Each structure stands twice: as structure tokens, then as C-alpha cells.
Amino acid sequence: MQWTAIVVETTSEVVEAVSYLLTEAGANGIQVEDAADYAQLKPGKYGPYGEIVDPESLKHRQSGAAITGYFPPNQFGPELIDEIKTRVAKLNEFGLNPGSFKVTFAPVDETDWATEWQKYYHPVRVTHELTIVPQWETYQAHDSEKIIFMDPGMAFGTGTHPTTQLMLQALEISLRGGERMIDVGTGSGILSIAAKLLGAGDVRAYDIDQIAVDSARRNIELNPQAQGITFGVNSLLDGIHTQVDLIVANILAEIIVPLVPQAFENLTPGGKFLTSGIISDKFELCRDTMIKQGFKIDQTLRMKDWYGIIAHKPAEDED
């Protein structure tokens with residue numbers, strides 16, 4: 001069966017946003033080639049935050065990023081190209097710079113793209129404790145490493161993008177053990193799996209996309225230590241009224257803003273709200289929205305142009 005690959009060549013800054021746009025337009029698979037990911041690789045076979053491959057041996061882009069969306073025959077039409085061009089151009093309105101982007105397309109056999117992206121995905125140690133390993137590779141854990149095996153398939157969250165790494169760092173900082181947690185926009189399920197490995201208790205994960213939920217469930221099967229996560233299809237926290245100790249969301253800033261009051265409602269006093277996916281131009285918007293809602297900002301994390309925020313809902317006896 002012949003599919004269509006739509007490729008958006010643009011800046012590293014808009015990788016997450018363009019990936020989201022392509023998925024929303026009907027793409028059943030996303031492949032990202034980002035020069036910024038290569039720039040973060042560090043030599044050293046088993047050193048802290050080092051790779052188990054030689055970065056110099058990897059073919060990579062020299063600048064910018066190319067995001068490829070794979071569309072089945074019933075999802076693609078010539079008018080889709082104009083729609084994607086228009087939506088990428090409008091990212092400027094949200095403080096994201098797509099640069100002099102280019103959108104192209106070409107037919108491709110389904111069997112060709114199904115495994116093509118795997119060559120860009122290698123084991124990477126993303127925090128002091130967490131190392132992410134593709135399920136098709138063998139890796140021996142060392143010292144205190146906790147291994148997350150991933151087959152990201154058609155969902156986001158391989159651990160290589162700064163937004164995911166910031167959230168994993170925030171989880172490692174914040175978790176003490178036994179917390180009840182909600183993962184909003186779970187994608188590949190990587191944050192829920194990491195939370196379980198770091199000692200979280202009851203974990204519920206939601207995504208608006210059934211493909212993402214199915215992918216996350218498959219990744220749970222690769223990580224027996226993370227069993228027991230509950231998944232569901234849901235838009236943010238719409239219709240959810242509960243009390244948990246921790247809410248995490250690695251999503252775009254524009255989506256974090258309407259999530260803020262929902263997170264505040266669903267957190268216990270003292271509960272923590274961890275967010276990432278915040279481009280630098282949107283950091284103040286997200287921070288100020290949280291403060292206005294009543295959150296206290298505990299810590300901000302930054303990697304290049306991306307921010308993460310660790311906040312908490314004040315305890316009842318807290319000033």
C-alpha cells in the first residue's frame with residue numbers, strides 16, 4: 001500500500017509543534033531528524049550522560065530539522081500541503097520561529113517507513129538514574145541506572161528532545177515514592193514509565209490520540225517494572241475530578257495554559273505540577289498563569305530555548 005510522506009524542513013525550535021500539526025492533520029507516523037539532537041550527544045561508552053555509540057559515526061543533519069509525517073492513502077490530498085504550509089507559517093503568532101521552512105511530499109511504501117526511523121534512535125542516559133534504550137538493542141545497566149525500554153512507534157517521546165529530558169529531570173527531582181500521579185498527553189508513555197521506575201504509586205495516563213495510548217500500552221509491556229499504569233483517551237483533564245499528588249504534562253505552552261486550573265483542582269494541597277514543552281517566549285505566560293491560579297513556583301529548568309517548571313499547590317497551612 002502506497003502512503004505519502006510530507007516533509008517539513010524548518011528550525012529545531014518548532015519540532016514539537018510541527019509534529020503535533022502533522023499528527024492532527026492525519027499523519028499515522030512521525031519521523032524527526034534534528035541537528036539539535038545530535039549536538040547533545042556526548043562521547044563516552046558508559047560515562048555519565050554519554051552514549052554507547054560514537055556520535056561521529058552517526059549520519060545527521062548539519063542544521064535545522066526535518067519532520068516527516070506519513071499519511072495513508074485515505075488521509076492525503078494535494079490540498080493538505082497548502083493547509084500544512086499555512087499552519088506552519090502561523091507558528092510565528094505563537095512566538096515560535098519556523099524560519100524559511102519548506103514543505104515537500106513524495107510517495108512511499110508502508111514497509112519502507114515502518115523501520116526507517118529506527119536508525120536515528122540510540123540508547124541515551126538522560127538523567128543521573130534514567131537511561132532510555134530502544135527495545136531492539138541490548139544494553140547492560142551499570143551502577144544505579146534504571147532502564148526504560150522504548151518502541152516509540154507512532155507516538156512522541158523518545159527521550160531525545162529537550163522537553164522530554166527536562167520533564168524526566170523534573171520527575172527525578174520531585175518524586176519521593178508512592179505518589180498518585182496523572183500524566184497528561186502521555187504520548188509514548190515515557191513519563192509514566194519513568195515515574196513508576198522512580199517509585200510513583202498509582203499512575204494514570206491520558207492522551208487525546210488513541211494511537212498514542214496504544215503505543216504507550218505496548219511500551220509498558222517492554223518494562224515489567226512499570227506494570228499497573230492505567231491508560232485512557234481524554235482531552236487534558238476534561239471531566240476528571242479527583243485528588244492526586246502529582247500531575248505532569250509535556251505539551252505545548254498554549255495547551256498548558258487551559259490545563260492550569262484543571263491541574264489545580266485535581267491536586268491535593270502540597271501536590272506538585274510539572275510542566276515542559278515551554279518555548280522561551282512562552283515561559284512568562286505559563287509561569288504567570290500558574291501564579292495567578294495560586295500555584296507556587298519551586299524551580300525552573302532550562303535546556304537551550306526550552307523550559308520546564310516545577311510548581312506546587314500550597315498546603316492548607318502554607319502562607
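The values are calculated or read from the model by the stated rules, or taken from the named source; none is laboratory data. Quick caveat: nothing in here was measured; it's all calculated off a predicted structure. Here Cβ is always computed from backbone atoms with ideal geometry, including for glycine, and neighbour counts include all displayed protein chains.
Numbers below:
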read-out: Ser188 being over 23 Å from Leu21 (Cα atoms) and of a type in the set (Ser, Thr, Tyr); value: no
read-out: Answer residue from segment 266-292, given it is touching a Ser or Thr at 6+ places or on another chain (Cβ under 6 Å) and polar (S, T, N, Q) and is nearest to Thr164 (Cα to Cα) among those; value: Ser276
read-out: Segment 82-131, residues that are modelled with pLDDT of 90 or more, among the β-branched types (Val, Ile, Thr) and surrounded by 16 or more Cβ atoms within 10 Å (Cβ to Cβ); value: Ile84, Val88, Val103
read-out: Residue that is nearest to Val15 (Cα to Cα), among those in segment 264-284 that are out of contact with any Asp or Glu (no Cβ under 9 Å at 6 or more places or on another chain) and of a type outside the set (Phe, Trp, Tyr); value: Ile278
read-out: Tally of residues being of a type in the set (Gly, Ala, Ser), in a helix (DSSP H, G or I) and under 19 Å from Glu179 (Cα atoms) across segment 210-229; value: 1
read-out: Scan of segment 259-283 for residues that are modelled with pLDDT of 95 or more and within 21 Å of the chain's Cα centre (by Cα), ordered by number; value: Leu259, Val260, Gln262, Ala263, Lys272, Phe273, Leu274, Thr275
read-out: Gly270 being in contact with a strand residue (DSSP E or B) (Cβ under 9 Å, 6 or more places away or on another chain), surrounded by fewer than 16 Cβ atoms within 10 Å (Cβ to Cβ), touching a residue at least 40 places away in the same chain (Cβ under 8 Å) and of a type outside the set (Val, Ile, Thr); value: yes
read-out: Segment 230-239 - residue that is among the small types (Gly, Ala, Ser) and part of a loop (DSSP other than H, G, I, E, B) and, of those, nearest to Ser192 (Cα to Cα); value: Ser235
read-out: Candidate set from segment 241-267 (those that are in a helix (DSSP H, G or I) and touching a strand residue (DSSP E or B) at 6+ places or on another chain (Cβ under 7 Å)); member that is nearest to Arg180 (Cα to Cα); value: Asn266
read-out: Answer residue from segment 14-51, given it is part of a helix (DSSP H, G or I) and modelled with pLDDT under 80 and is surrounded by the fewest Cβ atoms within 10 Å (Cβ to Cβ) among those; value: Ala39
read-out: Qualifying residues in segment 195-209 (those that are in a loop (DSSP other than H, G, I, E, B) and under 17 Å from the mean Cα position of the chain (by Cα)) - the one farthest from Arg180 (Cα to Cα); value: Asp209
read-out: Qualifying residue in segment 211-218 (condition: crowded, with 24+ Cβ neighbours inside 10 Å and at pLDDT 90 or above); value: no
read-out: Residue list for segment 145-161, filter: at pLDDT 80 or above and not in a strand (DSSP E or B); value: Glu145
read-out: Which listed residue is at positive phi, under 16 Å from the mean Cα position of the chain (by Cα) and in the same structural domain as Pro261 (by TED's automatic domain parsing), from Leu171, Leu191, Leu166, Leu236; value: Leu236
read-out: Qualifying position, being free of Cβ contacts under 8 Å to residues at least 40 places away in the same chain and of a type in the set (Val, Ile, Thr), among Val244, Val257, Val248; value: Val257
read-out: Among (1) in a strand (DSSP E or B); (2) buried (at least 18 other Cβ atoms within 10 Å of the Cβ); (3) under 18 Å from the mean Cα position of the chain (by Cα), the one test that Thr300 misses; value: (2)
